[in-house]
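Working notes for the structure below.
The values are calculated or read from the model by the stated rules, or taken from the named source; none is laboratory data. All values reported here derive from a predicted model rather than from experimental measurement. Glycine also receives a Cβ, built like all others from the backbone with ideal geometry; neighbour counts cover every protein chain displayed. When the accessible area is computed, the model is the full protein with side chains, heavy atoms only, and any ligands, DNA or RNA have been set aside. Shrake-Rupley method; radii C 1.70, N 1.55, O 1.52, S 1.80 Å.
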Amino acid sequence: MSLSALTPRPTTSDRSDGSSRRHGRGFWAIALAFLTAMAFCTVPAPLYPLYMARDGFSTFMGTIVFAVYAVGVVISLLLAGHVSDWVGRKKILIPALALELVAAALFLGDPSLPVLLVARLVSGLGIGLITATATAYLQELHAAHRPGSSRQRFEMVSTAANIGGLGVGALVAGVLAQYVDAPLRTPYLVFAVLLTVSIVAVALTPETVEERLVKPTYRPQRISADHGDRAGYLAAAAAGFASFAVFGLFTSVAPGFVAGALHLPSRALAGTIVFAVFGGAAVAQTLTSRLAAPAKVRLGLLAQAVGVPVLLVGMHTASLSVFLVGGVVAGIGAGVLFKAAVGAVAAMAAPAQRGEALAGLFLIGYLGMILPSVGIGVATQAVTAGTAMNWFTGLLLVMLAGVAALFRHSAASRRTPAPFTA
C-alpha cells in the first residue's frame, strides 16, 4: 500500500488565526527540542580525553565509541526513520526524546566502557528517529503557520537546529567539564533537564499528520532515489555523505588530537573547537539563506576543498590556529552543502513521503560519518594520525569532485526536455 495512506493535514485559507499561532509556537518548540537533542549527542565529544584517561582506552577505542553512536543512528533510520509519515510526528518524536533521557541516565551512572558503549548506542537510536521526523515536522508547521511563504525560514531553522545544536552541545559540555565539579556527570544532568522540558514542549505542539484507519504494511526504510528527481536525490545524498564525513572528523578525532598531539588538555578548548566548526556551519547556513541552490552547492564544495587541506597543514605543523581556521572553513562548507541537500530533498519529495526521503538522506549522511571516522581510527593502529589524515584528505577531495559532477548531471537532466510519447 502506498504511503499516501497518511497525509499531512491540508492548509486552508480559512484556518483560524488561533490555529495559525499555535502552529507558529509549535514551530519554535520543535526547533528547540531538535536543537536540544542534537546538542546532547555531542556532549561526550570534549569529554573523550577524560574517559580515555580514566579507563585507559586508546584513540582507536575512542573512535569506536563514537562509531557505536553513529551505528545506532543508522539502525534507527533503517527501522523507523520513515514511520512518522504513517503514525504522526509526535508519536515518534516523544519516544525518541525519551531514549535520549535513558542515555543521559546511563551516562550519569558513571559508566564503565561497556556502559558507555550502550549509552552511545541508545543515544544514536533516538537521534535516528529525531533527525528526519523533526525536519519534516518543522516543514509542515512552517507551511501551516505561513501558508504560501517560501521555505527559507524552515531551511534556515531546521539546519541551524541540527548542525548548530551539535556545536552547542560540545561547547556547553566542555565549559561545564572545565569549570564545575563532577565533569563526567554535570553536563548530562543539565541536558536531562532540558530533554524533559523538550518532551513537554513537543506534547503541547499540534500534530501535522492525520492517521488513517488503514495503514501501510510495515517495511524498513528504503534507500530510494524515487522522489521526483532521481539525479537530484543522488546528488543530495552524495553531498550529505561528504558533509557528514567532515562533521564526523571533528566529533570523533579532533578533541583527542588537540589534547594529545597539541598537548592542550583543556575541556573548554576542545568544546570550543567543536563549537567553532559547527557554529561556523550554522552561521554560514543563515547568511546564505537567500542564495540560489546552485550557488550554495558551489560555495559548500569550494569551502570544504580549501578547509580540509588547511586543517591538514595545521595537524602536520602542530599549529592550533591553522588547525582551527581549516576546521571552521571546512565546517562552513559542510554546513552550506548539507543545507542545500536538505532543501532539495524536502522540495522534491511528495508530502506523504517527505519523512522517508529525509530519513534516506540522513541515513546516507550518517554512513558518511561512520566510515571515514572508523577508517581513521583503524589506520592509526598502523600509521601516524598525520598519515591517516593525508589519506582522508585525498579521498574527500575525490568525493567532492564526484559530488560536483552529480550536481552538474542533475542540472543538465532538468534542462533536457522529456522525449515526446504518444
Checklist entry - Between the range 109-137 and the range 238-290, what's the alpha-carbon centroid distance in Å? => result 19
Next on the checklist: Can you give me the distance in nm between label points at Asp110 and Arg219, each placed 7 Å from the Cα along the Cα-to-Cβ direction?
Outcome noted: 5.0
Checklist outcome for this item: Expected field for Arg230, accessible surface area in Å² at 1.4 Å probe radius, rounded to 10, holds 130
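Return the carbon/sulfur percentage of the accessible area of the chain, one whole number, probe 1.4 Å, all protein chains in place.
Values: 11170 of 16160 Å².
Carbon with sulfur: 69 percent of the solvent-accessible area.
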Next on the checklist: Just want to confirm a number: the relative contact order over the range 86-209, from Cα pairs under 8 angstrom separated by 6+ residues, in percent.
Outcome noted: 42
Next on the checklist: On a 1.4 Å probe surface of the protein chains, which of Leu361, Leu106 comes out largest in accessible area, and what is the full order?
Outcome noted: Leu106, Leu361
Checklist entry - So between Ala347 and Val306, what do we pick up on full extension, going 0.36 nm a residue minus the alpha carbon distance? => result 11.8 nm
Checklist entry - Any idea what diffusion coefficient the range 312-422 gets from Stokes-Einstein, in µm²/s, Kirkwood Rh on alpha carbon pairs, 25 °C, 0.890 mPa s? => result 145
Checklist outcome for this item: With all protein chains present and a 1.4 Å probe, the order of His82, His145 from largest accessible area down is His145, His82
Checklist entry - What is the calculated FRET efficiency for Ser58 to Ser321, with r their C-beta to C-beta distance and R₀ = 22 Å, to the nearest 0.05? => result 0.20
Item to check | For the chain, accessible area per residue (1.4 Å probe, heavy atoms of protein chains only), Å² | outcome: 38
Checklist entry - So how tilted is helix 354-379 from the main axis of the chain? Cα-based, degrees 0 to 90, rounded to 10. => result 20
Next on the checklist: Residues of the range 46-73 with backbone nitrogen within less than 19 Å of a virtual label 7 Å along the Cα-to-Cβ line of Leu395, please, listed as ranges.
Outcome noted: 59-72
Checklist entry - What is the helix-to-structure angle for 165-179, meaning the angle in degrees between its Cα long axis and the longest Cα principal axis of the chain, kept from 0 to 90 and rounded to the nearest 10? => result 30
Item to check | Local electrostatic count at Ser243 - Lys and Arg +1, Asp and Glu -1, tallied over other residues with Cβ under 14 Å | outcome: +2
Checklist outcome for this item: Rounded to two decimals, the Rg over Rh value of the range 124-222 from Cα coordinates and the Kirkwood Rh reads 1.06
Item to check | Helix axis angle, 113-145 relative to the chain longest principal axis, alpha carbon, degrees | outcome: 30
Item to check | Sites Ser20 and Leu291 - FRET efficiency at Förster radius 35 Å, r taken between beta-carbons, to 0.05 | outcome: 0.75
Checklist entry - How large is the helix-only mean residue ellipticity at 222 nm for the chain, computed as the sum of -39500 (n - 2.57) over DSSP H runs with n ≥ 4, divided by its residue count, in deg cm²/dmol to the nearest 500? => result -25500 deg cm²/dmol
Checklist entry - Using 1/(1 + (r/R0)^6) with R0 = 35 angstrom and r between the beta carbons of Lys91 and Gln152, what's the FRET efficiency to the nearest 0.05? => result 0.75
